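First the structure, in the form of structure tokens, and then the observations on it.
The values are calculated or read from the model by the stated rules, or taken from the named source; none is laboratory data. Fair warning: this is a prediction, and the values are worked out from it, not measured in the lab. FYI the Cβ positions are ideal-geometry reconstructions off the backbone, even for glycines, and counts take in every protein chain you see.
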Amino acid sequence: MLERAERFFKVFADSNRLRILSLLQERKMCVCELAHILGVTQPSISRHLKQMKKAGVVADDRDGFWTNYFLVKGNRETQGILRCMKHLLREDPVIQADRTKSQTVDRRRLCCP
């Protein structure tokens, strides 16, 4: 139980993972979209998402060429922390810039097969 809690809270202890979570609160996204918005490599995003999946915060589904990542719903603990996180970060300039950038990102241009 303690190990599970530690894994869960580590998800919220990294600025890139907080940025990813903030973006996924808006909509499903693929690795190439997240990498483009955050300005980091796709392998880095994949490692973050793997840790977030292992903690049960993020899940994925396939959509043709893309794997879409989204927040897991239904977990009261996760939902409470995400609401708190959204409230704490609502005026953060980095989070605001990420959300603005996410509105113009086109996955077909970023990661076409």
The range 84-111, residues that are without any contact (Cβ under 8 Å) to a residue 12 or more places away in the chain and either in a helix (DSSP H, G or I) or of a type in the set (A, V, I, L, M, F, W, C) (or both) | Cys84, His87, Leu88, Pro93, Gln96, Ala97, Thr100, Arg108, Arg109
Counting only residues in the range 36-50 that are touching a helix residue (DSSP H, G or I) at 6+ places or on another chain (Cβ under 8 Å) and free of Cβ contacts under 8 Å to residues at least 40 places away in the same chain, the one surrounded by the fewest Cβ atoms within 10 Å (Cβ to Cβ) is identified as Thr41
Hey, does the range 67-77 have a residue that's out of contact with any His (no Cβ under 9 Å at 6 or more places or on another chain), assigned to a helix (DSSP H, G or I) and farther than 15 Å from Ile20 by Cα?
-> yes
Of the residues that sit in the range 13-35 and are more than 11 Å from the chain's Cα centre (by Cα) and of a type in the set (A, V, I, L, M, F, W, C), which one is surrounded by the most Cβ atoms within 10 Å (Cβ to Cβ)?
-> Cys32
Checking Phe8 against (1) out of contact with any helix residue (DSSP H, G or I) (no Cβ under 8 Å at 6 or more places or on another chain); (2) of a type outside the set (S, T, N, Q); (3) surrounded by 11 or more Cβ atoms within 10 Å (Cβ to Cβ), the condition it does not meet = (1)
Residue ID - modelled with the lowest pLDDT, chosen from residues in the range 98-113 that are over 16 Å from Arg27 (Cα atoms) and not charged (D, E, K, R) | Pro113
So, in the range 66-81, of the ones that are modelled with pLDDT under 90 and surrounded by 15 or more Cβ atoms within 10 Å (Cβ to Cβ), which residue ends up farthest from Val11 (Cα to Cα)?
-> Trp66
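Any residue that is in a loop (DSSP other than H, G, I, E, B), surrounded by 21 or more Cβ atoms within 10 Å (Cβ to Cβ) and either at pLDDT below 95 or touching a helix residue (DSSP H, G or I) at 6+ places or on another chain (Cβ under 8 Å) (or both) - is there at least one of those in the range 51-65? Give the steps one after another, and end with the answer.
Looking only at the range 51-65, we keep the residues that are in a loop (DSSP other than H, G, I, E, B), and these are 55-57, 64-65.
Next, from what is left, pick out any that are surrounded by 21 or more Cβ atoms within 10 Å (Cβ to Cβ): 57.
Adding the requirement that they be either at pLDDT below 95 or touching a helix residue (DSSP H, G or I) at 6+ places or on another chain (Cβ under 8 Å) (or both) leaves 57.
Within the range 51-65, one or more residues are in a loop (DSSP other than H, G, I, E, B), surrounded by 21 or more Cβ atoms within 10 Å (Cβ to Cβ) and either at pLDDT below 95 or touching a helix residue (DSSP H, G or I) at 6+ places or on another chain (Cβ under 8 Å) (or both).
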How about the range 1-18: which of its residues are farther than 14 Å from Val57 by Cα and either part of a helix (DSSP H, G or I) or among the hydroxyl-bearing types (Ser, Thr, Tyr) (or both)?
-> Leu2, Glu3, Ser15, Asn16
